[in-house]
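The next block holds one structure in the form of structure tokens; read it before the comments.
The values are calculated or read from the model by the stated rules, or taken from the named source; none is laboratory data. What you see is a predicted model; the values in this text were computed from it and never measured. In this analysis, Cβ positions are derived from the backbone assuming ideal geometry, glycine residues included, and neighbour counts consider all displayed protein chains. Surface areas here come from the heavy atoms of the whole protein model, side chains and all, with no ligands, DNA or RNA. Shrake-Rupley method; radii C 1.70, N 1.55, O 1.52, S 1.80 Å.
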Amino acid sequence: MQIGPYQLKNRLIVAPMAGVTDRPFRMLCKRLGAGMAVSEMITANKALWTTPKTLRRANHEGEVEPIVVQIAGGEPQMLADAARLNVEHGAQIIDINMGCPAKKVCNVAAGSALLRDLDNVGRILEAVVKAVDVPVTLKTRTGWSREVKTALAVAKMAEDAGIAALALHGRTREDMYRGDAEYDTIRAVKQAVSIPVVANGDIDSPEKARRVLDYTGADAIMIGRAAQGRPWIFREIQHYLDTGETLPPPPVDEIRALMLEHLDELYGFYGEYSGCRIARKHIAWYTKGLAGGNAFRQQMYKLESTDEQRLAVGEYFSRLGDAGDRLSYVVEDEDKLDRDGGAVAEGEACGA
């Protein structure tokens, strides 16, 4: 897939997710097969540009190209200024967020709330494209509600404005993340425009990836929640697309080493206090469905230092390795994930 001057190595893209797709996670997904990864959304509000959170989200040191930064806001000029600033700081592609359904985003007329004002959508697209000399992409939803779907109109506006590619989540804002994503709208959009279209929503297996690509005709797929705790899903999908064969579950020893490396990156990126706490949700995702995972998590959530946390993870995966060479998932009834701080709250993660 081509976006401006950038030829991606494949058709697999990591969805932007607030609280998830930080630099350590993006780099890991790229290493494990993703062709591109989009940053957590960065606010267009100038008053927040120098906060530690925004500066951290704009940190791309050592990241594999292309560097894609998503910006969020509701004012055309503010978004244009934010695009220019991020390009100055190394962004090679700017992505506009018109898909996040979170209340705190929609309440400031940003994210998917923009889909209620198509005139402003047009002004934003034009302003951002004119502001920078790098490709600008757009991530959006099928509409604000099921009764009023705006995807076709927005897609044509995006094409006319010079948007380089469009990612479409097969849900409305009203749907949030409930129910099943639908792909008829994505298919219709792909048939209506000539710019690349990326299908997003509920793509959680190699087989589903193949079906969505075939049905929609999309140029690429974007994966969010399915990559949480399973960043190797990208190599699994690529292998299936290439060969029609399903890879076996990964070796326990490989995932143990991968997890410990991911933890070290998180600790280095966020520091001792925040690193330990941010790592908890990643550990919870990695261990979801694994034998003894729920009991392990209940103890892990109580650990207050990175050294204790790292040691506990290493020991847990060593025990798994004693029981079998490869990851083996058990009945999910045992798992009561997300009730004790192990997951992102609803609305924080804006990708699927």
Answer from V64, V105 - the residue that is in contact with a Lys or Arg (Cβ under 6 Å, 6 or more places away or on another chain) and over 20 Å from V132 (Cα atoms): V64
Conditions (1) closer than 16 Å to I13 by Cβ; (2) small (G, A, S); (3) open to solvent by less than 10 Å² (accessible area, probe 1.4 Å); (4) in a helix (DSSP H, G or I); number of the one not met by A218: (4)
Criterion violated by D117 - all others in (1) buried (at least 20 other Cβ atoms within 10 Å of the Cβ); (2) free of Cβ contacts under 8 Å to residues at least 40 places away in the same chain; (3) out of contact with any helix residue (DSSP H, G or I) (no Cβ under 6 Å at 6 or more places or on another chain) satisfied: (1)
Pick from the range 187-208, criterion assigned to a helix (DSSP H, G or I) and without any contact (Cβ under 8 Å) to a residue 40 or more places away in the chain, ranking: surrounded by the most Cβ atoms within 10 Å (Cβ to Cβ): V189
Close pairs from the range 137-151: first among the β-branched types (V, I, T), partner at pLDDT below 90 and crowded, with 24+ Cβ neighbours inside 10 Å, Cβ under 8 Å, at least 6 apart: T140/G99; T140/S112
Subset of the range 15-37 (residues that are over 21 Å from M1 (Cα atoms) and of a type in the set (G, A, S)): A18, G19
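Every residue, every condition in (1) out of contact with any strand residue (DSSP E or B) (no Cβ under 7 Å at 6 or more places or on another chain); (2) closer than 20 Å to F25 by Cβ; (3) charged (D, E, K, R), yes or no:
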site: A279; (1), (2), (3): yes, yes, no
site: H282; (1), (2), (3): yes, yes, no
site: W285; (1), (2), (3): yes, yes, no
site: G292; (1), (2), (3): yes, no, no
site: R297; (1), (2), (3): yes, yes, yes
site: E308; (1), (2), (3): yes, no, yes
site: Y316; (1), (2), (3): yes, no, no
Enumeration of residues in the range 233-247 that are surrounded by fewer than 20 Cβ atoms within 10 Å (Cβ to Cβ) and not hydrophobic (A, V, I, L, M, F, W, C): R235, H239, Y240, D242, T243, G244, E245, T246
For H89: the one exception among (1) surrounded by 17 or more Cβ atoms within 10 Å (Cβ to Cβ); (2) in contact with a strand residue (DSSP E or B) (Cβ under 9 Å, 6 or more places away or on another chain): (1)
Pick from the range 144-161, criterion open to solvent by less than 80 Å² (accessible area, probe 1.4 Å), of a type outside the set (V, I, T) and at pLDDT 95 or above, ranking: nearest to P101 (Cα to Cα): A151
Output for the range 76-85, where each listed residue is open to solvent by 10 Å² or more (accessible area, probe 1.4 Å) and either touching a residue at least 40 places away in the same chain (Cβ under 8 Å) or under 16 Å from the mean Cα position of the chain (by Cα) (or both): P76, Q77, D81, R84
Which listed residue, of R230, R171, is open to solvent by 30 Å² or more (accessible area, probe 1.4 Å) and either modelled with pLDDT of 95 or more or over 29 Å from M27 (Cβ atoms) (or both): R230
